[in-house]
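The values are calculated or read from the model by the stated rules, or taken from the named source; none is laboratory data. Since we're looking at a predicted model, the values are computed, not measured. Note that each Cβ is placed from the backbone with ideal geometry, even for glycine, and that neighbours are counted across all protein chains shown.
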Amino acid sequence: MSLKAEKVPIKGFIETSFIDWKGHLSSVIFTGGCNFRCPYCHNSDLVLRPNELEDIPLDYIIKRLKKFKKWVNHIVITGGEPTIHKGLLELIEEIKSLGFNIKLDTNGSNPEMLKELAKRDLLDYIAMDIKGPLDRYSRWCGIEVDVEKIKESLRFILEGSIDYEFRMTVVPFFHKEKDVYETVKYIKTAKRFYIQEFKPRNTLNPSFMTIEPFSPDKIKEIKENVKRLFVLKDAVGVI
């Protein structure tokens, strides 16, 4: 087993999930740490205090994956932000060598890592969070962001051969409704764009826990408006 792979801090593991890879029963691996500070993030412990969370040994996870492989052969790597860890390549190689399909959740800040993973044929699916309009991207992320890296990841995913989806969490007051429609212009040729409802729990900025999510009717209205902006009219969904 690769020593580099062991250096990726694994802070969570779900053996079976019906929601993390649409259409597939999957296992989910959570890496600790993130280079963004999105105030509405609901994985605040993984982002702010990963060192306070117990590490889960990779060999334990491998044993569990092998045990349930007959029923679960799809693995989701999420976080935090997995691509901040140099050992991610070796970690995914280790799991991929066992015959599992791999989905990577990412914020798109490390296109070099995405390209290398693709070059090694290690990914079957990419889910990239797009936080809002790129012209003021740092607002959504809580830090100064190299937007050119985000654009590079968007182009790579849109023009590449790996199946994918884009996702946007819509937060009332923090996002204006028009922000959703402005975001679409960057990915209007995408196959899938999922609008995720904000969930005010365990947020990185505690004040965001007082924000009431959009109503189901409002989300439905936004979804219908978004559909009209896409080249592929049946490509937009809500999860």
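Observations, loosely collected:
- Selection of first residues in the range 75-96 that are surrounded by fewer than 22 Cβ atoms within 10 Å (Cβ to Cβ) and of second residues that are assigned to a helix (DSSP H, G or I), restricted to Cβ pairs under 6 Å at least 6 apart or on distinct chains, gives the following pairs, ordered by first then second residue: Gly87/Lys4; Gly87/Ala5; Glu90/Lys4; Glu90/Ala5; Glu94/Ala5.
- Contacts under 7 angstrom Cβ, first residue in the range 202-217 being touching a residue at least 12 places away in the same chain (Cβ under 8 Å) and within 10 Å of Pro172 (Cα to Cα), partner surrounded by 15 or more Cβ atoms within 10 Å (Cβ to Cβ) and acidic (Asp, Glu), 6 or more apart: Pro213/Glu197; Phe214/Glu197
- Candidate set: the range 36-70, residues that are out of contact with any Asp or Glu (no Cβ under 8 Å at 6 or more places or on another chain) and hydrophobic (A, V, I, L, M, F, W, C); chosen: the one nearest to Leu91 (Cα to Cα): Ile61
- Among residues of the range 104-122, those that are of a type outside the set (A, V, I, L, M, F, W, C), out of contact with any Cys (no Cβ under 9 Å at 6 or more places or on another chain) and not in a strand (DSSP E or B), counted: 9
- Meets criteria (in a strand (DSSP E or B), modelled with pLDDT of 95 or more and at negative phi) for Ile95: no
- Within the range 206-228, the set of residues being in a helix (DSSP H, G or I) and among the charged types (D, E, K, R) comprises Asp217, Lys218, Lys220, Glu221, Lys223, Glu224, Lys227.
- Matching residues in the range 97-115 - criterion: being in contact (Cβ under 8 Å) with a residue 24 or more places away in the chain, among the small types (Gly, Ala, Ser) and surrounded by fewer than 19 Cβ atoms within 10 Å (Cβ to Cβ): Gly99
- Within the range 161-179, one or more residues are part of a loop (DSSP other than H, G, I, E, B) and over 24 Å from Cys141 (Cα atoms).
- Taking the range 225-239 as the range and being within 26 Å of Asp20 (Cβ to Cβ), touching a strand residue (DSSP E or B) at 6+ places or on another chain (Cβ under 9 Å) and either at pLDDT below 90 or surrounded by fewer than 11 Cβ atoms within 10 Å (Cβ to Cβ) (or both) as the test, the residues that pass are Lys227, Phe230, Ala235, Val236, Gly237, Val238, Ile239.
- Filter result for Gly80 (at pLDDT below 95 and closer than 27 Å to Thr210 by Cα): yes
- Cβ pairs under 7 Å, 6+ apart, first in the range 173-185 and not β-branched (Val, Ile, Thr), second not in a helix (DSSP H, G or I): Phe173/Ile211; Phe174/Tyr40; His175/Gly132; Asp179/Gly132; Asp179/Pro133; Tyr181/Leu229; Glu182/Pro133
- Long-range neighbours under 8 Å by Cβ, at least six apart or interchain, first residue more than 13 Å from Lys7 (Cα to Cα) within the range 44-58, second of a type in the set (A, V, I, L, M, F, W, C) and in a helix (DSSP H, G or I): Leu53/Leu46
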